[in-house]
Amino acid sequence: IIERLKVNLPGLPTQRKIASILSAYDELIANNTQRIQLLEDMAEELYKEWFVRLRFPATADQPGWKESTFYNTDGKAVSHGTLGALPEGWEIIRLRNCISHYIGGGWGEELPVNKHINPAFVLRGTDIPDFNKGNINYEVLRYHTSSNLSSRTCQANDIIFEVSGGTEGQSLGRTSFVSKTSLDRLNHPLIPASFCKLIRVNDEIISPFYIYTMLKKMYKTGELKVYQVQSTGISNYQFEDFISATKVVVPAKSIQEKFDKLTQPLLEETQILGAKNQLLQETRDLLLPRLISGKLSVNGINLDKPQHPTEAAVVPMEQ
């Protein structure tokens, strides 16, 4: 069947001009993707430097790590780097006590029916990697009851945590941070899917940016796998056991605030770059058939000059 298909094949010079236009979009997308990865790496490295290696800066009411006094679990002053030692003023509490609200997600209906009349986007576990890079899936728009939305609608600084599904090579515990910028890009509410949990951190105790980065670090190191169980061909996460057993190091409030000021812009910029990438991809995909069909002329394209999407001399042809 494929061999019998007829395709519109422009001449080689035209093909090269079309390719130069599309390549300009691809290069911008690759550039933004690289910047997104750098932003993610910066946030994770900052977390490790301050809260794993405990090399944190000084704040208004807390000395930096070199001047701080560290205490072991017995309350004895010890040197920096001693296993289990924490700076003065820091404490350890259970993850459960850091959370003000959590609930499983929903799925709703494909079309409005009965009480399912409220539209809302649904974030599935499979969407989490793209969502973290600012690539929002607008296709999963479903209809829900008012009661389901009331407790499941995401707010800025919420965390979505995958608790069911997974594959042999893909463990559970993937996590997304819901930033204000990501919510502003949606014209309907956002809720987690049935196989995910919505987590709302008590920001009077701990920073949601801190908890999100901690969970991402735990996923990468494999620490989250401990609470994953396999049953009837699907993986499930022992979420209640996880939040009860997991201990969270709670830094001094001023350190948390400084961490927030540095990481929040990184997460917001990720969403901004992701939105630009989606627009570039959509524009590129719309251009391709019009360029190949000749509906858009490439006569003004100079192959000796690198093309930029905003500068490409593409003009409509009369059909």
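The values are calculated or read from the model by the stated rules, or taken from the named source; none is laboratory data. Worth saying up front: this structure is predicted, and the values here are computed from it rather than measured. When we count neighbours, we look across all protein chains shown, and the Cβ atoms used for this are built from the backbone with ideal geometry, even at glycine. The accessibility values were calculated without ligands, DNA or RNA, using every heavy atom of the protein model including side chains. Shrake-Rupley method; radii C 1.70, N 1.55, O 1.52, S 1.80 Å.
Would you mention how many residues in the range 2-30 are in a helix (DSSP H, G or I) and either open to solvent by less than 100 Å² (accessible area, probe 1.4 Å) or touching a residue at least 12 places away in the same chain (Cβ under 8 Å) (or both)? Explain how you work it out, then say what you get.
Residues of the range 2-30 in a helix (DSSP H, G or I): 2-4, 12-30.
Narrowing the set further to residues that are either open to solvent by less than 100 Å² (accessible area, probe 1.4 Å) or touching a residue at least 12 places away in the same chain (Cβ under 8 Å) (or both) leaves 12-26, 28-30.
Number satisfying all stated conditions: 18.
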Checklist entry - Identify, please: which residue in the range 263-311 is at pLDDT 80 or above and open to solvent by 80 Å² or more (accessible area, probe 1.4 Å) and is, among those, farthest from the chain's Cα centre (by Cα)? => result LYS295
Item to check | Only one of LEU83, LEU111, LEU54 that is part of a loop (DSSP other than H, G, I, E, B), within 24 Å of SER244 (Cα to Cα) and of a type in the set (A, V, I, L, M) | outcome: LEU83
Next on the checklist: I want to confirm something. Restricting to the range 189-233 and keeping residues that are outside any helix (DSSP H, G or I) and loosely packed, with under 14 Cβ neighbours inside 10 Å, which single residue is nearest to the chain's Cα centre (by Cα)?
Outcome noted: GLY222
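Every residue, every condition in (1) open to solvent by 30 Å² or more (accessible area, probe 1.4 Å); (2) hydrophobic (A, V, I, L, M, F, W, C); (3) more than 22 Å from the chain's Cα centre (by Cα), yes or no:
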residue	(1), (2), (3)
LEU46	yes, yes, no
THR73	yes, no, yes
GLY89	yes, no, yes
GLY104	no, no, no
HIS116	yes, no, yes
VAL122	no, yes, no
ASP127	no, no, no
ILE136	no, yes, no
Next on the checklist: Under 6 Å between Cβ atoms, which residue pairs at least 6 apart in sequence (or on different chains) link something in the range 246-270 that is outside any helix (DSSP H, G or I) with a partner that is among the acidic types (Asp, Glu) and surrounded by fewer than 20 Cβ atoms within 10 Å (Cβ to Cβ)?
Outcome noted: VAL250/GLU91
Checklist entry - Given TYR143, TYR138, TYR102, which one is closer than 24 Å to PHE51 by Cβ and among the aromatic types (Phe, Trp, Tyr)? => result TYR102
